[in-house]
1. Principal axes first, then extents: for the Cα atoms of the chain, list largest minus smallest coordinate on each axis, whole Å, largest first.
2. Report the residue, chosen from ARG97, ARG258, ARG146, that carries the largest GNM mean-square fluctuation when the chain is represented by alpha-carbon nodes joined by springs under 10 Å.
3. Relative to the longest principal axis of the chain, what angle (0 to 90°, nearest 10) does the C-alpha long axis of helix 36-49 take?
4. How big, in percent, is the set of alpha carbon pairs in the stretch 58-201 lying more than 21 Å apart?
5. Can you give me the Cα centroid spacing of the stretch 118-165 and the stretch 178-254 in angstrom?
6. Taking the Cβ of LEU199 as the center, what net charge do the other residues with Cβ under 15 Å away carry, scoring Lys and Arg +1 and Asp and Glu -1?
7. I'd like the orientation of helix 137-146 relative to the chain: the angle between its Cα long axis and the longest Cα principal axis, in ° from 0 to 90, rounded to 10.
8. Around GLY151, what is the net charge, scoring Lys/Arg as +1 and Asp/Glu as -1 over all other residues with Cβ under 15 Å from its Cβ?
Amino acid sequence: MRQVDRPAGLLGNFARVDSMNSADFVGRLDAMHMLEFFRTYKQETFALLGLRAGSTAADIGCGTGEDASAMHGLVGQSGSIVGFDLSDAMLAEARRRHSENETNLKFIRAQAGELGVAGETFDAVRADRVLTHVQEPAAVVREMARVLKPGGRIVISEPDMLGCWVTNRHREISDRIMREIAMSCRQPYIARDLYHCFLEAGISDVQLSLRPVAIADPEPVDNILGFRQTMDAMIQNGNLKIEEANLWFADFNDRRNRGYFLAGVTIFIVSGSKKL
């Protein structure tokens, strides 16, 4: 299937960071890591992995390596963590930030659906906000299950992209903008399908939890989602009028100045174990 070109800055371009402005996407990841909600649900995913001293684990789509580094702190020097990512730029940044632990914290280039390691290698595997951007999510879940030891834990967390929202008096315009952001991703519905992907991959003891969040600070939300880039693309494609964009931004700026901004999303967390 031919990949349709998307304007720079759209959220969906996390799928091809190396052909974009990688510094922009590194900045977006850093903005996410600064939010308390993101740190909290990530800690929940670590707990679900059951990591302990000596565990071997993998972080699929590791980005800048922050989560892999946190996992390393849980397994200690007697354990090992491998971060996998397809982006050379992200891997270079991860190695730059976390090279002091490189003896048992490694970063490897690989596709999420073809990790290139032997089966039953890891005690635990996780992916966070990765399947939204891959071509075949079910294949990635199967690959994660393949490299997992019997009894090992698998945890995947994804945002419900079509459920993202932001307050604005121009609701119809706002809904179109948020849908454009969601549909720029390859798999905007994957959070809702993830539970069944686990079942189809033969994972046992599958559990699903939802973690909704509302964010009152517009700056990180704008940084992460890229409202201006999205609207520029919509104007270019004839899906938004300049007048509509100006109306939306006037209300956005008014809410920012008065402290009336609010945006939200729900994170789906699915976990399970590989059958013994």
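1. Over the chain, Cα extents along the principal axes are 58, 39, 38 Å.
2. Sorting by GNM fluctuation, first place goes to ARG258.
3. Between the helix axis and the principal axis of the chain, the angle is about 30 degrees.
4. So the pairs more than 21 Å apart make up 48 percent of the total in the stretch 58-201.
5. 20 Å
6. +1
7. The angle comes out near 20 degrees.
8. The answer is +3.
Only the coordinates and a few stated rules stand behind these numbers; no lab work does. The shown structure was predicted, so the numbers you read here are calculated from the model rather than taken from an experiment. Cβ coordinates were reconstructed from backbone atoms using ideal geometry, including for glycine residues, and neighbour counts include every protein chain displayed.
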